[in-house]
Each structure stands twice: as C-alpha cells, then as structure tokens.
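The values are calculated or read from the model by the stated rules, or taken from the named source; none is laboratory data. Bear in mind the structure is a predicted one, so any value in this text is a computation, not a measurement. Accessible surface areas use protein heavy atoms only, side chains included; no ligands, DNA or RNA. Shrake-Rupley method; radii C 1.70, N 1.55, O 1.52, S 1.80 Å.
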Amino acid sequence: GWCPLSPTGAQTTQLLVQPPWRPAVLWDRVTLTCQGSGTTGATTWYKDGWHWLKKGSNHVTVTESGTCTCDRPGTELSPPVIILNDSLVLQVPTRTLLEGDTVTLRC
C-alpha cells in the first residue's frame, strides 16, 4: 500500500508496506520498501524519529514496533508508517478506498 502522494512536481519518497494491511502489525512479518527518485542504495531509515539504518538497502523487515520513515538524497522524508505490536487489530487494505467499494476487513 502507498502513503499519500505529495503535490505534483515535488520530489516524493514513499513507503510500500507488505503485507498490504493497515495498521501494520509485527506478527505479519512486515517488510517496508522505500521508493522514490533519490539514489538507490542510499536509503536512510528512521524509527521513532531516530536514525535506524543509514545508507542501507531500500528494503527492511521490521522487528520492533514504532513509527518508521525513510529518505534518499534529494527527496523529502516519506510519510510515516506505524507498526503495532498489538495482539488483536482490525485491519483494512492499504489501497485508497472510495465510496461504494466492497472492503475486506481483517481481524
């Protein structure tokens, strides 16, 4: 699933979440992918506002709860993704939902 896009013309960085459910939960073995127009392989990851992994891969498997963001040189910081460690969560698909859509909920 994609986080919201920035206005047209802005250099954007996005976090792709797999599996594509929100909120993301640790027991789903969540993988984040940082995508944007910046330099590939120069991704900086942040968790709870602190440097997490510097100049690493654009993929990371999350092993702790928290708020994750990423950036690449020449782009903006991505919108945040919150990872929960709750034992019971009601999840919705990360895709954009429109009025009239059929939605599958996951408990």
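Computed values, structure above
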item: Most to least accessible of Leu53, Leu105 (protein chains only, probe 1.4 Å); result: Leu105, Leu53
item: For the range 14-93, the fraction of alpha-carbon pairs in successive 5 Å shells from zero, as %; result: 3, 17, 28, 26, 15, 8, 3, 1
